[in-house]
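Down below is the structure, laid out as structure tokens.
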Amino acid sequence: MKLRRNIYAKENMTGYLFILPQMLVFLLFLVYPIFEGIRLSMYRINYQSETFVGFDNYLTLFHDPVFFKALVNTVVFVVFIVILTVGFALFVASAIFDKNARYVSFIRGSYYIPVMVSMVVMSMVWSFLLNPANGLISYFARDMGLGAVNLLGNPKTVMPVIIFVTFATNVGQAIILYIAAMIGVPKDLFEAAEVDGASRWQVILKILIPSVKPTTVYITIINIIAVLKIFVVIQLLTGGGPNNASVTLMYYLYNNAFKYNQLGVASAVGVIMFVITLLLSVPQLKSMLQDK
């Protein structure tokens, strides 16, 4: 009995030693920054000293209309990009997953190319296209007699444009994941549906969408996290303008930390973003675990 326990103890110790480096990295670069951010959010910080102020940094945020504008914009980004990404990726994947393998590979590669390109590069490309003075879109608009088009300078159009740019750049990853999940659905289900005379639309609604629900939950969560961190496209295309129409929580955090030297306020924004991420992600995870 003691020999078996010693063997099990050695096996467990071997496993713990294998995961120890990853656990140290996880604790050092993920867990510790969370607690340090919570601590810093309760201090007024300059480069020489820290002064404890309790929840004053949070009160400062709640009295700042720009913060609420950033919060609303971020929620709008999350909702629309998640809906567009899940909806479009499901549509494309369900349309091609059972087609010729070469055709499927071509479609996957085509949609995945923007994902592989740096977001900085994609933002610069879109900045050129959307430039009201010499951009390609403005050129075609003038050619059609519509005059110069400044989509990024109009508060009514800047949000839809940035949502589209972000969606078009990242949707390829969701398509790849959905195609892989749909290929793994048991063929017996499709054969039974064919025998019963089910249409393509019925197969998608009754078989494909329920079968890939875990993938949908995963895509939803990673898109929520990615959109909450959206920064590069805002920085390069609009700088949060016009009139804070495109400012997001991450860009607001950046401004407070590196432009206004309000590190405590920036930490408070980070804590609020962390809480929002938990509130949006936990229900999705719970639904996935309940299904299992």
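The values are calculated or read from the model by the stated rules, or taken from the named source; none is laboratory data. Being a predicted model, the structure only gives us computed values, none of them experimental. Cβ: placed from backbone, ideal geometry, glycine included. Neighbour counts: every protein chain shown. Note: areas computed on protein heavy atoms with side chains; ligands, DNA, RNA excluded. Shrake-Rupley method; radii C 1.70, N 1.55, O 1.52, S 1.80 Å.
Over what distance in Å are the Cα centres of segment 182-223 and segment 21-37 separated?
Cα centroid of segment 182-223 versus Cα centroid of segment 21-37: 38 Å apart.
Give the distance, in whole Å, between the Cα centre of segment 85-99 and the Cα centre of segment 143-177.
21
Going by amide H atoms built from the backbone, whose H comes under 5 Å of the H on Tyr43, apart from near neighbours?
Close amide H contacts, sequence-distant or interchain: Val53.
Which cross-chain or sequence-distant (5 or more) residues have an amide H under 5 Å from the amide H of Thr248, H modelled 1.01 Å from N in plane?
Residues meeting the criterion, in which the H sits 1.01 Å from N, do not exist here.
Would you kindly state how much longer the chain becomes between Val79 and Ala133 on full extension, computed as 0.36 nm times their sequence separation minus their alpha carbon distance, in nm to one decimal?
Full extension of this stretch gives 16.2 nm more.
May I ask you to evaluate 6.51 cos²θ - 1.76 cosθ + 1.60, the Karplus curve with θ = phi - 60°, for each residue of segment 82-93 and list the ³J(HN,Hα) values in order in whole Hz, giving x for glycine and proline?
Here the 3J(HN,Hα) series is 5, 4, 5, 5, 5, x, 5, 5, 4, 4, 5, 5 Hz.
What relative contact order, as a whole-number percentage, does the chain give when Cα pairs under 8 Å and 6 or more residues apart are counted?
Taking the mean separation of contacting Cα pairs over the length of the chain, I get 28 percent.
What is the distance, in nm, between label points placed 7 Å from the Cα along the Cα-to-Cβ direction at Met124 and at Asn100?
Simple spin-label model gives 3.8 nm for this pair.
Skip the ligands, DNA and RNA, and give the accessible area per residue of segment 25-128 with a 1.4 Å probe, whole Å².
Accessible area per residue: 64 Å².
In nm, to one decimal, how far is the modelled label at Ile34 from the one at Phe88, with both set 7 Å along Cα→Cβ?
3.2
Within the accessible area of the chain, what % is carbon and sulfur when the probe is 1.4 Å and the other protein chains stay in place?
C and S fraction of accessible area: 68 percent.
Would you mind giving the three semi-axes, in whole Å and largest first, of the ellipsoid equivalent to segment 144-257 according to its Cα gyration tensor?
Output for segment 144-257: semi-axes of 41, 19, 10 Å.
Once the principal axes of the Cα atoms of segment 96-163 are found, what is the range along each, listed largest first in whole angstroms?
The Cα atoms of segment 96-163 stretch 45, 27, 21 Å along their principal axes.
Each residue of segment 254-271 in turn: what ³J(HN,Hα) in whole Hz from Karplus with 6.51, -1.76, 1.60 and θ = phi - 60°, glycine and Pro shown as x?
Listing the rounded values in order: 4, 4, 5, 6, 10, 9, 9, 6, 9, 5, x, 5, 4, 5, 5, 4, x, 5 Hz.
Using 1/(1 + (r/R0)^6) with R0 = 41 angstrom and r between the beta carbons of Leu278 and Phe190, what's the FRET efficiency to the nearest 0.05?
Taking R0 as 41 Å, the efficiency between Leu278 and Phe190 is 0.60.
Based on DSSP H runs of at least 4 residues, each adding -39500 (n - 2.57), what is the mean residue ellipticity at 222 nm of the chain after dividing by all its residues, to the nearest 500 deg cm²/dmol?
When only DSSP H runs of four or more count, the value is -23000 deg cm²/dmol.
Given Cα pairs under 8 Å that are at least 6 residues apart, what percent is the relative contact order of segment 1-117?
9
When each pair of different Cα atoms in segment 116-197 is counted once in the 1/r mean, what is the Kirkwood radius in angstroms, to one decimal?
By the Kirkwood definition, the hydrodynamic radius is 16.0 Å.
Report, as a whole number in µm² per second, the diffusion coefficient that Stokes-Einstein gives for the chain at 20 °C and 1.002 mPa s using the Kirkwood radius over alpha carbon pairs.
In µm²/s, the coefficient rounds to 95.
Multiplying the sequence separation of Lys259 and Lys206 by 0.36 nm and subtracting their Cα-Cα distance, what value in nm do you get?
Extending this stretch completely gives an extra 13.9 nm.
Would you kindly derive the ³J(HN,Hα) couplings of segment 153-167 from the backbone phi angles with the Karplus curve 6.51 cos²θ - 1.76 cosθ + 1.60 (θ = phi - 60°), listing them in order in whole Hz, with x for Gly and Pro?
x, 9, x, 7, 10, 5, 5, x, 5, 5, 4, 5, 4, 5, 4
Could you work out the Kirkwood radius for segment 1-117, taking every pair of different alpha carbons, averaging 1/r and inverting it, reported in Å?
20.8
At a 10 angstrom cut-off on C-beta neighbours, averaged per residue, how do the peptides 268-277, 53-62 rank from highest to lowest?
268-277, 53-62
Rolling a 1.4 Å sphere over the protein heavy atoms, what is the accessible area per residue of segment 136-292, to the nearest Å²?
Per-residue accessible area for segment 136-292 comes out at 52 Å².
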